[in-house]
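Participant: So that we are looking at the same thing, I have put the structure below in structure tokens.
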Amino acid sequence: MKPRSQFGFSPAIGLLVDQQQIAISVTAAALGGRREIAREVQLCDSQSTEEVLGRMLEPWLSSPRAKRSKMKPWVRVGLPEARVFQAAVPITASNRQHSAQNFFLEAVQATNVRAEDRIVELIKLDLDNRPLACVAASPRAVIESSIEMMSRLGTRVGLIEPAPTSLYRAGAYYRKAPRGSKLCVRFFLGEIHAIGVLAAGPQPLFWHTFDLTKGDETTAILAAYSTLWMMGRHARIALPIDTVIVHGRPELALTQPQQEAFGARTGTRFVRCDQPAHDAFGAAFGLALANPLTESGGLDLARTLKPPVTIRDIFPYGELAAHGALVGAASLFLIGVAAETNHRLHSVSGSAKAIPWLANQQQAKLDTEKKTIEERLKAVSVFRDSRVNWSALLRTIAAAMPESTLITTLSGDAEIEAGSGSRTGPARSKKKLVVSFETPLAGNGSLPQEVDVFLASLRSDATLNRHFPLINVTGFRANPARQGVSPSASYSIVCLPSSEKTKNTASR
């Protein structure tokens, strides 16, 4: 294991201390969250626990980052489940004012246990509007000796918690519970042993260890689920278990029918995740993910014995640097904008000084004149928009009609629209365009096909549709052949504006 923490930011050390082995996991902050940068496990064998821990911690205590810091680094320590007792006790009217030691004795239900010989930690929860006390206890000698040993090794203990709690945190890191989940069970599978942890949200309540029989793992998981369910009912947890997440043993593939059968039998959502397994690495990694210096929730068996946290330990240097950089960049941008605004102000002021009569003008008079000009511009704009451009319309009709077609009569009317000053709204003017044509008939006595194309082009022309969207053909009359003149057809094209009735019909 190499001390790569000097390349990481804010390294965190997690230690799982057992009598047979010690596991260490180191995480560092990254863009996507904390990432594990080193891990190691060593057996104690004939050496003492302190010697093995000193050898494992030496690369991180001798790194340049640790030497620059005058404070001892913080470590998170986990205890195996055999050294910690944890249970959930319902809070009733009779025990509402009890201390943590009284809740511990109520959970143990034994007469030969002394609460004074143990460190007892208690947190109170509200699970589905029912108060619940989660109590954890460990021998005082184990906690005090662990803190003294870490102090001799040059570190400070920031957290001591049960290994199942750390394992549950690691499982939540790899796979979060589904949205809306209130009571979740996570099973962590090992080679021959496994553990199931029941938790309300992020807080584990209690756990159950069991053996895994090869070839019969699903039955063992179902039996452990039933045990946890009964333990919950004993604690008067009426809320049903809604999610089951199985971690570890990726080679142990549960088929889709098995998952569906498990969900149908338990009535829960079944989720499978490969990591972490029930081993020392998973618990150490969960310890390294904890942040006891800024998070006060959860069970901490070293809460009353660990050294106080200084402002230097919790001061957000990284956030301060990031926010300072953002403020600096924004300040530079605003300074540039202010300089450009001042430059424009000086330019306008210099131009205003070049006009002597402008200095004697009052702002109110200028505003009144500006308002008058805006009203005139608005009136001119209304006149321009309502005016019919007859020249453009006639050019459009002349360009679209067939070569053999003649215009016999032309009539166009368009009154100027009234303004919008009246209370009844703008008055609609009368508009009308009537053009009469004469087109020679074909040899079989029918109109040429060019006439249909001509009418279609008029109906699709944007210039004509602006004022006259309704185009109809009326007054069709056949003219017989005369001396020197071939038979022809006379018709008129009537162009009208859309009526209010037509608009309402079209809007529906």
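Participant: Determine whether A261 is in contact (Cβ under 8 Å) with a residue 24 or more places away in the chain and surrounded by 14 or more Cβ atoms within 10 Å (Cβ to Cβ).
Facilitator: So A261 fails the test.
Participant: Now, a different point. Taking the options A137, A110, A141, name whichever one is under 29 Å from V75 (Cβ atoms) and surrounded by fewer than 18 Cβ atoms within 10 Å (Cβ to Cβ).
Facilitator: Being under 29 Å from V75 (Cβ atoms) and surrounded by fewer than 18 Cβ atoms within 10 Å (Cβ to Cβ) holds for just one of A137, A110, A141, which is A141.
Participant: Does the range 153-179 hold any residues that are touching a residue at least 24 places away in the same chain (Cβ under 8 Å) and under 26 Å from the mean Cα position of the chain (by Cα), and which are they?
Facilitator: Hits for the range 153-179 are Y168, R169, A170, G171, A172, Y173, Y174, R175, A177, P178.
Participant: In addition: Say we look at the range 2-45 and pick out the residues that are touching a Pro at 6+ places or on another chain (Cβ under 6 Å) and part of a loop (DSSP other than H, G, I, E, B); which of these is modelled with the highest pLDDT?
Facilitator: By that ranking, first place goes to D18.
Participant: Let me ask something else. For the range 290-313, which positions are without any contact (Cβ under 8 Å) to a residue 12 or more places away in the chain and more than 35 Å from the chain's Cα centre (by Cα)?
Facilitator: If the condition is that a residue be without any contact (Cβ under 8 Å) to a residue 12 or more places away in the chain and more than 35 Å from the chain's Cα centre (by Cα), then P308 is the only one that fits.
Participant: Kindly provide the set of residues from the range 275-319 that are at pLDDT below 90, assigned to a helix (DSSP H, G or I) and among the hydrophobic types (A, V, I, L, M, F, W, C), ordered by number.
Facilitator: I311, I314
Participant: Same structure again: Give me the residue from the range 264-274 that is over 26 Å from the mean Cα position of the chain (by Cα) and buried (at least 17 other Cβ atoms within 10 Å of the Cβ) and, out of that set, farthest from F210 (Cα to Cα).
Facilitator: Residue satisfying both the conditions and the ranking: T268.
Participant: If you check R76 against the conditions, is it farther than 20 Å from L198 by Cβ, touching a residue at least 24 places away in the same chain (Cβ under 8 Å) and not hydrophobic (A, V, I, L, M, F, W, C)? Lay out the reasoning, then the answer.
Facilitator: Values: farther than 20 Å from L198 by Cβ: yes; touching a residue at least 24 places away in the same chain (Cβ under 8 Å): yes; not hydrophobic (A, V, I, L, M, F, W, C): yes.
In short, yes.
Let's see how each residue does on (1) among the hydroxyl-bearing types (S, T, Y); (2) touching a helix residue (DSSP H, G or I) at 6+ places or on another chain (Cβ under 9 Å); (3) farther than 29 Å from I22 by Cβ:
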site: N112; (1), (2), (3): no, no, yes
site: D126; (1), (2), (3): no, no, yes
site: V135; (1), (2), (3): no, yes, no
site: V142; (1), (2), (3): no, yes, no
site: M150; (1), (2), (3): no, yes, no
site: S181; (1), (2), (3): yes, no, yes
site: L189; (1), (2), (3): no, yes, no
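Participant: What single numbered condition from (1) in a helix (DSSP H, G or I); (2) in contact with a helix residue (DSSP H, G or I) (Cβ under 6 Å, 6 or more places away or on another chain) fails to hold for P257?
Facilitator: Answer for P257: the failing condition is (2).
Every residue, every condition in (1) of a type outside the set (A, V, I, L, M); (2) closer than 30 Å to L183 by Cα; (3) touching a helix residue (DSSP H, G or I) at 6+ places or on another chain (Cβ under 9 Å), yes or no:
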| position | (1), (2), (3) |
| --- | --- |
| D274 | yes, yes, yes |
| A284 | no, yes, yes |
| R303 | yes, yes, no |
| H346 | yes, no, no |
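Participant: A follow-up question, please. Would you say E40 is in contact with a strand residue (DSSP E or B) (Cβ under 9 Å, 6 or more places away or on another chain), of a type in the set (D, E) and more than 16 Å from R169 (Cβ to Cβ)?
Facilitator: yes
Participant: Taking the condition of being touching a helix residue (DSSP H, G or I) at 6+ places or on another chain (Cβ under 8 Å) and within 22 Å of D242 (Cβ to Cβ), how many residues in the range 89-110 meet it?
Facilitator: Qualifying residue count for the region: 0.
Participant: If you scan the range 436-469, which residues turn out to be in contact with a helix residue (DSSP H, G or I) (Cβ under 7 Å, 6 or more places away or on another chain) and not polar (S, T, N, Q)?
Facilitator: F454, L458, D461, L464
Participant: Which condition number in (1) more than 20 Å from L205 (Cα to Cα); (2) of a type in the set (S, T, N, Q); (3) surrounded by 13 or more Cβ atoms within 10 Å (Cβ to Cβ) is the one that T310 fails?
Facilitator: Single failed check for T310: (3).
Participant: Only one of (1) exposed (fewer than 13 other Cβ atoms within 10 Å of the Cβ); (2) hydrophobic (A, V, I, L, M, F, W, C); (3) within 32 Å of the chain's Cα centre (by Cα) fails for V185. Which number is that?
Facilitator: It is condition (1) that V185 fails.
Participant: Within the bounds of the range 355-362, is there any residue that is polar (S, T, N, Q), outside any helix (DSSP H, G or I) and over 33 Å from the mean Cα position of the chain (by Cα)? Before you say what the answer is, go through the steps one by one.
Facilitator: So in the range 355-362, the residues polar (S, T, N, Q) come out as 360-362.
With outside any helix (DSSP H, G or I) added as a condition, the list becomes 361-362.
Checking which are over 33 Å from the mean Cα position of the chain (by Cα) leaves us with 361-362.
Within the range 355-362, one or more residues are polar (S, T, N, Q), outside any helix (DSSP H, G or I) and over 33 Å from the mean Cα position of the chain (by Cα).
Participant: Let me confirm something: among A302, A277, A354, A338, which residue is loosely packed, with under 10 Cβ neighbours inside 10 Å and either out of contact with any Gly (no Cβ under 8 Å at 6 or more places or on another chain) or not basic (K, R) (or both)? Show your work before the answer.
Facilitator: Values: A302 fails: loosely packed, with under 10 Cβ neighbours inside 10 Å; A277 fails: loosely packed, with under 10 Cβ neighbours inside 10 Å; A338 fails: loosely packed, with under 10 Cβ neighbours inside 10 Å.
Just one listed residue meets the conditions, A354.
Participant: I would also like to ask the following. Can L287 be described as surrounded by 15 or more Cβ atoms within 10 Å (Cβ to Cβ), in the same structural domain as R179 (by TED's automatic domain parsing) and closer than 26 Å to A107 by Cβ?
Facilitator: In short, yes.
The values are calculated or read from the model by the stated rules, or taken from the named source; none is laboratory data. None of the values given here were measured: they were computed from a predicted structure. With ideal geometry, Cβ positions are generated from the backbone for all residues, glycine too; neighbour counts draw on all protein chains shown.
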